[in-house]
Amino acid sequence: MRLVFVLLILLRFQEEFVAGSVDFGLLKRNVINVPKNESRIPPKTTHFVIGGTQARAGVFPWQVYILFSAQFGPSLTSICGGSLLSPRHILTAAHCAVDMVAPSFVMVGSVDLEGVTPNTKWREVHTTIVHPNYNRFDDSHQNDIAVLEFSPPITYNADVKPVKFLQNDRVLLWKDGVVSGFGTFKHRPDYFGRQEKVVSRYLLYANVQFVHNDVCKTIYKNPWNQPIISNAQVCAGAAGRGTSQGDSGGPIHIVHNGETFQVGLTSFGTAIVSDMYRQDKFPSVFTRISSHCTFINRASENLARCM
């Protein structure tokens, strides 16, 4: 994989840029350049949804790109996805947030990471709120959910809007879902024959089908051959389509009565590259939003709630 090492230039903040299984987050990428007079951070590399289609502006106005520093790694080398909860809160996966340190940034309002629009907003994360019952060493990945707070608050526009949730999502899980994100979209052999991730600059989405939890429990088990999937999780995927590394924390949606609702956030999936393209057989696993409505409400200071 081509490596691009660019010195990170930290500018004084202005209005728009202010001072078995495997987790699908913490995808490492190269340090990027912060340009002058731009309210954005243009990445040199990133990764996207497998089998995805390029999204149009405004279709997923709550989609968030998270570029962050991890506690034990170099600055600004990891990416995750997320959803906009309020003018200053973002929903993501706990495994993305648990080691997050400054500097870390979020971007909303763009489907092209190299495209500048008036609606593109970058903000710095200043607070991470990880679910109190999340345990990074638990094979089951339960309670893999977190809220990030950033500043200054943003103003909603055609490309920036908060996501919606339903407290009772059972009727929705009979429908097909849609995943979106800035994660791996395909692989190819490198010079040594290893599978490397192929990159793109655009937000992608893909249609997927939900897999019944009873089936998913037969796929994902702990070292003692015990199922690890609970009712606080949902599974989904399709042949040649689904989420992958870099998509963690991003949404899976359902369209119901003309409205779009987020029913889960990307948590983990198979670590075997070939199986990532067989997500009808090896689906991704998502943290179920309806099981965490109280946490979302409290962590967002009552600014976001399930309907």
**Message:** Can you tell me which residue is farthest from GLU301 (Cα to Cα) among those in segment 55-99 that are surrounded by fewer than 21 Cβ atoms within 10 Å (Cβ to Cβ) and aliphatic (A, V, I, L, M)?
**Reply:** ALA55
**Prompt:** Regarding VAL199, is this residue modelled with pLDDT of 90 or more and either under 13 Å from GLY269 (Cβ atoms) or within 20 Å of the chain's Cα centre (by Cα) (or both)?
**Reply:** no
**Prompt:** Within segment 207-227, can you find the residues that are under 19 Å from ILE289 (Cβ atoms) and either assigned to a loop (DSSP other than H, G, I, E, B) or aliphatic (A, V, I, L, M) (or both)?
**Reply:** VAL208, VAL211, HIS212
**Item:** Residue satisfying condition, being of a type in the set (S, T, N, Q), more than 14 Å from the chain's Cα centre (by Cα), farther than 21 Å from ARG170 by Cα and surrounded by fewer than 21 Cβ atoms within 10 Å (Cβ to Cβ), within set THR260, THR218
**Value:** THR218
**Residue count for segment 127-156, restricted to those that are among the polar types (S, T, N, Q), out of contact with any Leu (no Cβ under 8 Å at 6 or more places or on another chain) and modelled with pLDDT of 95 or more** = 6
**Request:** Can you tell me which residue within segment 90-126, out of those that are of a type in the set (Gly, Ala, Ser) and within 11 Å of VAL64 (Cβ to Cβ), is modelled with the lowest pLDDT?
**Result:** SER110
**Prompt:** SER244: of a type in the set (Ser, Thr, Tyr) and either modelled with pLDDT under 95 or assigned to a strand (DSSP E or B) (or both), yes or no?
**Reply:** yes
**Request:** List the number of the failed condition for ALA238; all other conditions in (1) crowded, with 19+ Cβ neighbours inside 10 Å; (2) over 16 Å from LYS175 (Cα atoms); (3) at pLDDT below 95 hold.
**Result:** (2)
**Message:** Anything in segment 256-281 that is touching a helix residue (DSSP H, G or I) at 6+ places or on another chain (Cβ under 9 Å) and either modelled with pLDDT of 90 or more or of a type in the set (Lys, Arg) (or both)? List them, or say none.
**Reply:** PHE261, GLN262, VAL263, GLY264, LEU265, SER267, PHE268, LYS281
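The values are calculated or read from the model by the stated rules, or taken from the named source; none is laboratory data. Just so it is clear, the model here is predicted, and its values are computed rather than measured. As a convention, Cβ positions derive from the backbone with ideal geometry for all residues, glycine included, and neighbour counts pool all protein chains shown.
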